[in-house]
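Below is one structure; the comments refer to it alone.
The values are calculated or read from the model by the stated rules, or taken from the named source; none is laboratory data. None of the values given here were measured: they were computed from a predicted structure. Don't worry about glycine lacking a Cβ; one is built from the backbone with ideal geometry, like all the others, and counts go over all protein chains shown. Side chains are part of the model used for accessible areas, which takes the heavy atoms of the whole protein and leaves out ligands, DNA and RNA. Shrake-Rupley method; radii C 1.70, N 1.55, O 1.52, S 1.80 Å.
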Amino acid sequence: MNLLYQSTRNTDETVTASAAILKGLADDGGLYVPQSIPTLDVDLAALSKMSYQEIAYEVMKLFLTDFSEEELKDCIKKAYDQKFDTPQIAPVREANGTWYLELFHGSTIAFKDMALSILPHLMTTAAKKNQIKEEIVILTATSGDTGKAALAGFANVPGTKIIVFYPKDGVSAVQEMQMITQKGNNTYVIGIEGNFDDAQTGVKKIFGNKQLAMELKEKGYRFSSANSINIGRLVPQIVYYVYSYVELIRKGVLKEGEELNVVVPTGNFGNILAAYYAKEMGIPIHKLICASNENKVLYDFFTTGIYDRNREFILTTSPSMDILISSNLERLIFKIAGEDAKKNQSFMTSLKETGCYQITPEMKKRLSDFVGGYATERQICDMIEKIYKSDHYVIDTHTAVAASVYEDYQTQTKDGTKTLIVSTASPYKFARSVMSAIHPADREISDFELIDKLSDISGTKIPQAIEEIRTAPILHNTVCKAEEMQKTVERILSE
Ligand SMILES: *Cc1c(COP(=O)(O)O)cnc(C)c1O
């Protein structure tokens, strides 16, 4: 069966999966969603004999139906290889009575690698399938992790260029170093004077500029997006929810069909949306627990039905979740609006014009699978220390948001369902915040000294991604104002 994709703002036009991957965002500004969510067509007994790569194929073939078996398997093979430091790709481990799904074993030690190591291959395959002649220009706004993961994925991929914008003062020192030392002569990294939302809004504006697109087409370029709105990122993320469920069965933790809660540290709502799709595909997920930091727009949304971005933007120790507009939420809004594009459009217009919208009571009822929670900076810090002390396991600040939200949820509900906490970054990526939770005395020392200490106390090896930036030269130093983003892109493409 051929699965087609439609925009959340106009359901009249449909495109193939490969066209949706190439375009990123629909022309009307909406996000592509599959016309229906397929159900898994292999049973758990069969899945439990499969590797990560084989499970990836079983999941992705149902969504990317215009890719041939050979094409898809080739993309999967190129993505999930020795770039990951474990053959399991996404290992699950127990600590403090719950299970942690470690999504940080890829080349940039954060969960974005799960999707961004395959997206370039999906995209170049899609370009071939659609007879695209122009060079693909990836334009990305990042709150820290996407940028590096996208750069690593696209660096030196023939037929592509990648331009990344990040908030100059809104990412960790390690995150910034990872980006500005990026090699590859098709890579461009630009700091902007503003926050992540400014960067994301700027990128969306450039994508929406039809005049610019036409001018660039004449020069032989076309834009595409590696941001989490791209369906080519969402689909690979469904895989690890299927995989981890299967892993928990293999470990004897779950019985076949037994329900599982998942707790996801959330920013742009991509990761948790993938969990929701996994549930729709037939994986028995009980509650989808959406964990926020002090930028708790989503917590407020799930408790009140009102999405309101009119509030102070708070810089936290979990910067990849410092977001006030969670783009992927639009896909869920569209769904609970009964797939009514007009209705969805009216909420999004309201969000754009007033920064706020309120869903109907009927729509809110359809959110009963979701639970919102948030963690304060204090709670995050305490949780890192607590798990280190109880299990000698060091978690990063983002993962600690999820662990803390889960603890609150458990205390309030006494829900005994087994629970998977999604671990989205290596503690090495946020060593300063992590170490200040465990060893508050070490305030004065450098990031790399902290990293060495972290390795000592946790008994874990320093990841390759960190070793690399110790000595790497800085290759990118462009900074611009948020209003100058388009000009900067035009300058790069006319070089
Ligand atoms: C991107 C990111 C998140 C948020 O994921 P979304 O899919 O945007 O909700 C959480 N933690 C880390 C470490 C991230 O890089």
Subset of the range 357-401 (residues that are assigned to a helix (DSSP H, G or I) and more than 30 Å from LEU450 (Cα to Cα)): PRO361, GLU362, MET363, LYS364, LYS365
The condition of being of a type outside the set (A, V, I, L, M, F, W, C), out of contact with any helix residue (DSSP H, G or I) (no Cβ under 6 Å at 6 or more places or on another chain), in contact (Cβ under 8 Å) with a residue 24 or more places away in the chain and buried (at least 24 other Cβ atoms within 10 Å of the Cβ) holds, among THR98, THR124, THR146, THR142, only for THR142
Run ASP113 past the list (1) assigned to a loop (DSSP other than H, G, I, E, B); (2) within 16 Å of the ligand (Cβ to nearest atom) and report the number of the one that doesn't hold. (1)
Determine which member of the set CYS356, CYS381 is buried (at least 17 other Cβ atoms within 10 Å of the Cβ) and more than 16 Å from the ligand (Cβ to nearest atom). CYS381
Whichever residue in the range 149-160 is open to solvent by 10 Å² or more (accessible area, probe 1.4 Å) and within 21 Å of PRO473 (Cβ to Cβ) and, among such residues, is modelled with the lowest pLDDT: ASN156
Breaking point among (1) of a type in the set (A, V, I, L, M); (2) over 16 Å from SER292 (Cβ atoms); (3) away from the ligand (no atom under 16 Å from the Cβ), for LEU367: (2)
When (1) more than 16 Å from the ligand (Cβ to nearest atom); (2) out of contact with any Asp or Glu (no Cβ under 7 Å at 6 or more places or on another chain); (3) not in a loop (DSSP other than H, G, I, E, B) are applied to ILE192, the one that fails is (2)
Within the range 300-334, how many residues turn out to be of a type in the set (D, E, K, R) and open to solvent by 60 Å² or more (accessible area, probe 1.4 Å)? 3
Output yes when any residue across the range 406-419 is open to solvent by 10 Å² or more (accessible area, probe 1.4 Å), in contact (Cβ under 8 Å) with a residue 24 or more places away in the chain, over 30 Å from TYR299 (Cβ atoms) and more than 23 Å from the chain's Cα centre (by Cα), and no when none is. no
Single condition ALA46 does not satisfy, out of (1) surrounded by fewer than 19 Cβ atoms within 10 Å (Cβ to Cβ); (2) within 30 Å of ASN10 (Cβ to Cβ): (2)
When the range 297-350 is checked residue by residue, the ones that are more than 15 Å from the ligand (Cβ to nearest atom), within 24 Å of GLY144 (Cβ to Cβ) and in a helix (DSSP H, G or I) are ASP300
Which of the numbered conditions does ASN261 fail, given that it passes all the others? Conditions: (1) within 16 Å of the ligand (Cβ to nearest atom); (2) surrounded by fewer than 24 Cβ atoms within 10 Å (Cβ to Cβ); (3) not in a loop (DSSP other than H, G, I, E, B). (1)
The range 258-286 residues that are of a type in the set (Lys, Arg), paired with ones that are more than 10 Å from the ligand (Cβ to nearest atom) and assigned to a helix (DSSP H, G or I) (beta carbon under 9 Å, 6 or more apart): LYS279/TYR241
Taking the conditions exactly as written (open to solvent by 10 Å² or more (accessible area, probe 1.4 Å), under 20 Å from the mean Cα position of the chain (by Cα) and either away from the ligand (no atom under 16 Å from the Cβ) or at pLDDT 95 or above (or both)), does GLU294 satisfy them or not? yes
If the requirement is being over 11 Å from the mean Cα position of the chain (by Cα), among the hydroxyl-bearing types (Ser, Thr, Tyr) and more than 16 Å from the ligand (Cβ to nearest atom), which of these qualifies: TYR241, TYR221? TYR221
